[in-house]
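Please treat every number below as a calculation from the coordinates, not as lab data. These figures come from a predicted structure and were not determined experimentally. Every residue, glycine as well, gets a Cβ built from its backbone with ideal geometry; the counts of neighbours run over all protein chains shown.
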Amino acid sequence: MDQIAALAGVSKLTLYRHFGSKEELFGAALKTKCDELMDPETLDQARALPLRDGLVNVARAFLNLIIAPECIAIHRVLCVEAERNPGLAKLFFQNAILYTKAKVIAFLTHYVDRGELRIADIEMAAWDLLSLVKTRPHMSVLLGIQQVAPADIDRHVAHCVDLVLVAWRAA
């Protein structure tokens, strides 16, 4: 907290007044990172697009978020620390994973409400989309096997979106 306060140019007391605890600061930092690539403006712009294009934009933003070097670094640390500090892992799950899933649910709900998607379980659908988009590219980067080129991201995201549209597109 001393280092963070110094970097922010505030006192540690000010930091604690604003966040209350290290855990709250960590949660806020996670949400801020998620909002950098999946911010309300990006989601609003995606909602204004045709269905497939909107889904592609949101899926690409999510993938770019989770393969960003700082996100990969946090993921690696959390995998090591989760057993010793389950509270830290829970904070990550709530403030990054569930926070992002909620954004995807709201996004999908927009198209369901417009009658363009037919989804029986919107929460499960959000998990499905995020899981499809994440799996191969994230694993490659997380394990240090290879970085994912922008063209590969585009191809992978388009493939995932096309798969879910087969299942979810309204007749």
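Per-structure values
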quantity	calculated
Label point 7 Å beyond Cα of residue 136 along Cβ direction - residues of region 58-77 with amide nitrogen under 16 Å	60, 63-64
Local net charge near residue 43, Cβ-Cβ under 12 Å (Lys/Arg +1, Asp/Glu -1)	-2
Helix-derived mean residue ellipticity, 222 nm - over the chain, DSSP H n ≥ 4, -39500 (n - 2.57), to 500	-24000 deg cm²/dmol
Along the chain, longest interval not containing exposed trypsin sites (Lys or Arg not before Pro), exposed being DSSP loop plus at most 15 other Cβ atoms within 10 Å	1-83
Cα gyration tensor of the chain - equivalent ellipsoid semi-axes, whole Å, descending	32, 19, 15
Selected from 145, 153, 105 as most flexible by GNM, with the chain as the system and alpha-carbon contacts under 10 Å	145
Between region 58-113 and region 1-56, the alpha-carbon center distance in angstrom	12 Å
Mean separation of Cα contacts under 8 Å, 6 or more apart, over the residue count of the chain: relative contact order %	25 percent
Sum of side-chain charges, residue 170 neighbourhood, beta-carbon under 10 Å (Lys, Arg +1; Asp, Glu -1)	+2
Charge sum, other residues only, whose C-beta stays under 12 Å from residue 98's C-beta, Lys/Arg counted +1 and Asp/Glu -1	+3
